[in-house]
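J.: So that we are looking at the same thing, I have put the structure below in structure tokens.
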Number of protein chains: 2
Amino acid sequence: MVNVAILGFGTVGSGVAEVIHKNGSHISEKVANQVAVKYILDIRDFPDSIFADKIIHDFSIIENDPEVDVVVETIGGATIALDYTRRALKAGKSVVTSNKELVATHGYELLQLAKEHNVSYLFEASVGGGIPIIRPISQCLAANELTEIAGILNGTTNYILTRMIRAGLPFEDALKEAQANGYAERDPSADIEGADACRKICILASLAFGRHIYPDQVPTEGITHITLSDVAFARSGDMKIKLLGRAIRREDDKVCAYVAPHLVPDESPLANVEDVFNAISVKGDAIGDVMFYGRGAGKLPTASAVVADVMDAAKHLKTKKYISWAEGGPDAVYSIDEVKNRWYVRTNAGVAAPEGAQVLSNPDDKACSAFITAEVLSEKELRAKLDGTEILAAYRVLD
Amino acid sequence: MVNVAILGFGTVGSGVAEVIHKNGSHISEKVANQVAVKYILDIRDFPDSIFADKIIHDFSIIENDPEVDVVVETIGGATIALDYTRRALKAGKSVVTSNKELVATHGYELLQLAKEHNVSYLFEASVGGGIPIIRPISQCLAANELTEIAGILNGTTNYILTRMIRAGLPFEDALKEAQANGYAERDPSADIEGADACRKICILASLAFGRHIYPDQVPTEGITHITLSDVAFARSGDMKIKLLGRAIRREDDKVCAYVAPHLVPDESPLANVEDVFNAISVKGDAIGDVMFYGRGAGKLPTASAVVADVMDAAKHLKTKKYISWAEGGPDAVYSIDEVKNRWYVRTNAGVAAPEGAQVLSNPDDKACSAFITAEVLSEKELRAKLDGTEILAAYRVLD
């Protein structure tokens, strides 16, 4: 018997309880052991839930119960969740989480703690919801030297951009629609200003390249300033505007990770990822490009990723899992000033495009001109080249 | 030290040797053990290769060397490869393969043999080249009841269809171009008649649904009879013709697997998989749809998948891996006669489309008409409904 304790009976936590309950016999068969939920920790009671008799309010019951093998942390944030995760690992219990903020800010410390206590700390659900990505990067692509990751990591912003592109809704209206459909929170800032994507690219970069990249090392730009005019200019060049998290490894093994809107050419598989779907593209020396695609959020997709980790932990109670990365630091990263690419630039109407640039058109915007530079430039080089020109918008092109 | 023996020094086998050689320190670090190639078995000598001193011609040297932990089988076919795989597993060595024919025809027997001798039989590279798919299905999606798999599993046919769609080349010309580019063999029949895709869907169906599905249980139709007219009619309905391998689990757990051309609507992510790329879409009760995308073939992508399995086997020398499925049989499958969908039908010009059907247009083909049925029908029901009409082509629609 493998006993599981769930911390936090919110959307994901209750989904985990449901998936274990519904697919119980299938899960136990695959693990070759009975998997059961013993406790659910929450500050609230749930008298009408079928799990009402499992609800407790005191974490120390879980911490001190030697029968609990696996703790599922779906509290979120990096305060109580951090405290409970540390204590669970120290008590010799494997911990599975969907908490991207905690992994992005304290992953190195928690992975070390897990190693010291010979247990697992697993977080497949922290990136890409139900899309398998953490395990493929750490195991399936293990024979590769990975060089780059680019992903549509946030479903809310992808939905908003899709509605701007397809239905011609301005940003504010698309956001309201996303809120009405339950895809965006009442306070949408973590999504639309890029913080959510930032945490996810931190986790992916740390895993793929081997040293912890922290959120404050990741320049992050959201989508709030993208206009319908930008969308239309991009379309005239057969491109779509997408918010990407990117991490690029340089030859000296330093990494630049950042979050920013990009113009993505239609022939890139990332361009066709619509609505709330996420996709993560990984480049390796042997495999070339592979891409993982699916629903990046939602109760059941996320819960299914958590439960897959629970099953993995349950099968490896006596042999620890091999996820790890080294401590980060200022010498782990290089500056975004050194990341060069072609640029989309929107200026006032009548400004001449530089020589060789691809001129874009938008008949609905008489006040602006736009073009894509022919050269691959850093942002500093771009601004020097256009010195004296008022730049109304500048986004990188993904080539 | 983990010693590896490679059987067959062809494209994939030499790629495996190269990847282990080139990424050796990275690999050994991840495995926490030195991984080295000890023998390469081939009938030929390779005096100019940097691996010349590893070449041997007698399998019994490998079989009888207790220092060999992992055998990589890249011979192909199901004769010598079967004999050597059986002997290696019986000698207590884990076996890693890219040989889809062997896994599709003898997977159950070989997985049982591996279990009996407490070793691993791994085959990530047998489907989708470098795309991680076997491990995600067996581990990451383990918490799901999987219900359906649909994939573009053969890069050669996808290249040919892409060239027909994009460049308007007739089938024969697109095939010649694929051969000139090295994407198709001189004898292309295993690709264009669907046998390669058939083996791959057998492996995926067995793994996802738990009982061995054999190639002779899989109705298989290739792409040789697809015309430019079909391609154009499909385009007018915003669809693309793709060769799909599909496997559908019914509620009684029986499975129907088949290979056939399908009309795929543009909004499906499978429609945008072009050229030699492969993609596999998996449907589960909790995750919804996820898709895996990348290069389905090629020396280094395939070799990198083999080496990832070698690393996995090397890390689990003392604990067997959990891939397994049960014996198949006639009661594991249900008939394709029960698979219902909308149909694309091409008839002689002037034949009236059935009521409610979506009429397609192709101004370049005055001799034919085409439509998509409104109802979801089995093939038998379709033919009964159109009784008396000469059907020139009929393909399923993926909805």
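J.: Going highest first, how would you order A:142-149, A:343-350, A:128-135, A:373-380 by mean Cβ packing within 10 Å?
T.: Highest-to-lowest ranking by the protection proxy: A:128-135, A:142-149, A:343-350, A:373-380.
J.: Kindly compute the accessible surface that chains A and B hide from a 1.4 Å probe when together, both sides summed, and give it to the nearest 100 Å².
T.: Using a 1.4 Å probe on protein heavy atoms, the buried area is about 3700 Å².
J.: Another question about this same structure. Residue A:254: which aspartates and glutamates have alpha carbons under 20 Å from its alpha carbon, excluding same-chain residues fewer than 8 sequence positions away?
T.: Cα-Cα hits under 20 Å: A:145, A:148, A:216, A:285, A:327, A:331, A:337, A:338, A:379, B:29.
J.: Additional query: Could you state the number of Å between the C-alpha centres of the range B:338-399 and the range B:132-177?
T.: First find each Cα centre; the distance between them is then 24 Å.
J.: Other chains near A:299-312: what is the mean number of their Cβ atoms within 10 Å of each residue's Cβ?
T.: 5
J.: Quickly estimate the mean residue ellipticity at 222 nm for the protein assembly as shown, helices only: each DSSP H run with n ≥ 4 gives -39500 (n - 2.57), and the total goes over all residues, rounded to 500.
T.: -9500 deg cm²/dmol
J.: Here is a further query. Going highest first, how would you order B:87-98, B:243-254 by mean Cβ packing within 10 Å?
T.: In decreasing order of mean packing, B:87-98, B:243-254 become B:87-98, B:243-254.
J.: Between residue A:123 and residues 5 or more places away or on another chain, which pairs have amide H atoms under 5 Å apart, with H built 1.01 Å from N, and which residues are they?
T.: Result for residue A:123 returns A:97.
J.: Shape call for the protein assembly as shown from the C-alpha gyration tensor, a ≥ b ≥ c root eigenvalues: rounded (a/c under 1.5), prolate (a/b greater than b/c) or oblate?
T.: Rounded is the answer for the protein assembly as shown, as its axis ratio a/c remains below 1.5.
J.: On to the next question. For the range B:231-271 and the range A:44-100, what is the separation of their C-alpha centers, rounded to whole Å?
T.: About 44 Å separates the Cα centre of the range B:231-271 from the one of the range A:44-100.
J.: Something else now. Report, in degrees rounded to the nearest 10, the 0 to 90 angle that the Cα long axis of helix B:195-209 makes with the longest principal axis of chain B.
T.: Around 80 degrees separate the two axes.
J.: Does anyone have the angle between helix B:80-90 and the longest principal axis of chain B? Alpha-carbon axes, 0 to 90°, nearest 10?
T.: Roughly 50 degrees between the two axes.
J.: Ok, one more. Helix A:11-22 versus the longest principal axis of chain A: what angle, 0 to 90°, nearest 10, using Cα atoms?
T.: Its long axis makes an angle of about 50 degrees.
J.: Return the chain A residue and its Cβ-to-axis distance, rounded to the nearest Å, for the rotation relating A to B.
T.: A:272, 2
J.: Hey, another quick one. If packing is taken as the mean number of other Cβ atoms within 10 Å per residue, what is the order of A:20-33, A:294-307, highest first?
T.: Ranked by mean Cβ neighbours within 10 Å, highest first: A:294-307, A:20-33.
J.: For residue B:77, place a label point 7 Å from Cα along the Cα-to-Cβ direction in every copy; what are the distances to the other copies, in nm, shortest first?
T.: 6.6
J.: Could you state the accessible area per residue of the range A:109-214 in Å², with a 1.4 Å probe and every protein chain left in place?
T.: 30
J.: Give the average, rounded to an integer, of partner chain Cβ atoms located within 10 angstrom of each Cβ in B:126-139.
T.: Neighbouring Cβ atoms belonging to other protein chains average 5 per residue here.
J.: Sticking with this structure for a sec: Placing a label point 7 Å from Cα toward Cβ, how far apart in nm is residue A:317 from its equivalents in the other copies, listed shortest first to one decimal?
T.: With the label placed 7 Å along Cα→Cβ, residue A:317 yields 2.7 nm.
J.: At residue B:335, with labels set 7 Å past Cα in the Cβ direction, how many nm apart are the copies from this one, shortest first?
T.: So the distances to the same position in the other copies read 7.3 nm.
J.: Another question about this same structure. Quick check for the range A:82-212: number of Lys pairs with alpha-carbon distance under 20 Å, counting only pairs 8 or more apart or on different chains?
T.: Close lysine pairs under the 20 Å cut-off: 4.
J.: Also, I was wondering about something else. Over the whole of B:198-204, what's the average partner chain Cβ count within 10 Å per residue? Rounded to a whole number, please.
T.: Mean partner shielding for this stretch: 0.
J.: Mean-square fluctuation check for chain A, GNM, Cα pairs under 10 Å: which of A:48, A:58, A:238 is largest?
T.: Answer for the Gaussian network model of chain A: A:48.
The values are calculated or read from the model by the stated rules, or taken from the named source; none is laboratory data. Owing to the predicted nature of the structure, the values given are computational and were not obtained by experimental measurement. Cβ coordinates were reconstructed from backbone atoms using ideal geometry, including for glycine residues, and neighbour counts include every protein chain displayed. Areas reflect the complete protein model, heavy atoms only, side chains present, ligands, DNA and RNA absent. Shrake-Rupley method; radii C 1.70, N 1.55, O 1.52, S 1.80 Å.
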